[in-house]
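Below you'll find the structure, written out as structure tokens, and then a few comments.
Read-outs throughout are calculated quantities, based only on the coordinates presented, and are distinct from any laboratory measurement. Keep in mind that what you see is a predicted model, and the values were worked out from it rather than measured. Cβ placement follows ideal geometry from the backbone for every residue including glycine, while neighbour counts extend to all protein chains displayed.
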Amino acid sequence: MSSKESLHGIDKIIKGCVAGNTKYQELLYKQFSGKMFAVCLRYAKDYTEAEDVLQEGFIKVFEKINQFKFKGSFEGWMRRVIVNTALDKYRKQNLLHTVDDMNEYSENFNYDEVISNITSKDILKLIQELSPKYKMVFVSYAIEGYSHKEISEMLGISIGTSKSNLSRARHILQIKINKYFKTDDKIKFFK
């Protein structure tokens, strides 16, 4: 299928969803659920929670799809709805708290060793082990590409807290990676 046909096809699916047609809703889900599930996994503590966020996110997508104005990327719009759903879930559970003090760690760095020995699946697993307040900021900034200003607005925290939580998340991930490799050398990662 050419990209022009693909764009035409997604427009038809979106219009079908706006009309409330379950056939088109199913098509939209099948087309985007894999990519959106990957987004959910970045924010969730485990697979089951990611599935819950995905389902809640798609419900919101179907409820708000009439707000999509066919300007810009539909996938980008949908991703924003899914991310906001994940963030809302954590906000409602009061899992975002003020930052705690944390010791500074060594900043030695062996990039080649890390890159050659760690997979993206390993990194995702380590990210999922972060506390929610650190994971939300880390994923939003480092993976999704949001600015600290956007993160502060989405999470209801200050820009300084966003920066601090990102820094602490990086340090925690450095420690986890060092433990993962069972090495005495301290690896500075996620700069």
Checklist entry - Per residue, what volume in Å³ does the Cα convex hull of region 16-70 take up? => result 83
Checklist entry - How much length is gained if the chain between GLU129 and SER33 is pulled fully straight, taking 0.36 nm per residue apart and subtracting their Cα-Cα distance, in nm to one decimal? => result 32.2 nm
Next on the checklist: I want to check the label-to-label distance for ARG80 and LYS92. Put each point 7 Å from Cα in the C-beta direction and report it in nm to one decimal.
Outcome noted: 2.2
Checklist entry - Rounded to the nearest 0.05, what FRET efficiency do ILE159 and SER73 have when you use their Cβ-Cβ distance and R0 = 35 Å? => result 0.85
Checklist outcome for this item: Taking a crude spin-label model, label points 7 Å out from Cα along the C-beta direction, the LYS64 to LYS23 distance in nm is 2.8
